[in-house]
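Reading through the structure tokens given below for one structure.
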Amino acid sequence: LKFGCGFGLNFVGGTSLSLAPNLTYKVSEKISFGAGIQGSYNKIKNLQNTTTFGANLLGFYTPISNLQTQLEFAQLRVNTTTEANAVEVKNSYWDSALFVGAGYTIAKKITVGAKYNFLYDEDKSVYSSPIIPFVNIVF
């Protein structure tokens, strides 16, 4: 088993922090499977505050030494508080995501890339875009 951790950090238009630790099992030199948990915090100043937590299933395929492809399914619990006209509106719901992505291994244990969410819905998704950059670190 290998321990990995994905993380995100963004300060464009607000604050966004995410952490996604996972465990993977290397089936062969090219294929790994695993599972993880994830959480995030997003805040748009004086407008919206969102926290998420959930779990994900992961599959990795490495066709050549520095290229890693991935398939990920995530199920997240979303809690949002929106402030408008001095009124707070709270909303809680479940959001599903199906990501397909690819990354470049820049060091033996660090991969940087992007993934696309095929279940993205502009009106319902917790993600602001169907394309999400990622950094994975494996220990």
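The values are calculated or read from the model by the stated rules, or taken from the named source; none is laboratory data. Treat the numbers as computed from the prediction; the structure is a model and nothing was measured. A quick note on method: Cβ atoms are made from the backbone with ideal geometry, for glycine too, and the neighbour counts reach across all protein chains shown. Please note that ligands, DNA and RNA were not included when accessible areas were found on the heavy atoms of the full protein model with its side chains. Shrake-Rupley method; radii C 1.70, N 1.55, O 1.52, S 1.80 Å.
Quick notes on this one:
- Segment 1-26, residues that are open to solvent by less than 60 Å² (accessible area, probe 1.4 Å) and not hydrophobic (A, V, I, L, M, F, W, C): 4, 6, 8, 14, 15, 16, 18, 21, 22, 24
- Being assigned to a strand (DSSP E or B) and either basic (Lys, Arg) or farther than 22 Å from residue 123 by Cβ (or both) is true of residue 104.
- Pick from segment 3-56, criterion among the aromatic types (Phe, Trp, Tyr) and in contact (Cβ under 8 Å) with a residue 60 or more places away in the chain, ranking: nearest to residue 75 (Cα to Cα): 7
- Of the residues screened, residue 57 is not one that is aliphatic (A, V, I, L, M) and in contact with a Leu (Cβ under 8 Å, 6 or more places away or on another chain).
Rundown of residues vs (1) open to solvent by less than 30 Å² (accessible area, probe 1.4 Å); (2) free of Cβ contacts under 8 Å to residues at least 40 places away in the same chain; (3) among the basic types (Lys, Arg); (4) closer than 21 Å to residue 21 by Cβ, yes/no style:
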site	(1), (2), (3), (4)
67	no, yes, no, no
71	no, yes, no, yes
75	no, yes, no, yes
78	yes, no, no, yes
84	no, yes, no, no
92	no, yes, no, no
99	yes, yes, no, yes
103	yes, yes, no, yes
108	no, yes, yes, yes
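- If the condition is being open to solvent by less than 60 Å² (accessible area, probe 1.4 Å), part of a strand (DSSP E or B) and at pLDDT below 95, then segment 116-139 contributes 132, 134, 135, 136, 137, 138.
- Pick from segment 2-47, criterion within 24 Å of residue 86 (Cα to Cα) and in a strand (DSSP E or B), ranking: modelled with the highest pLDDT: 41
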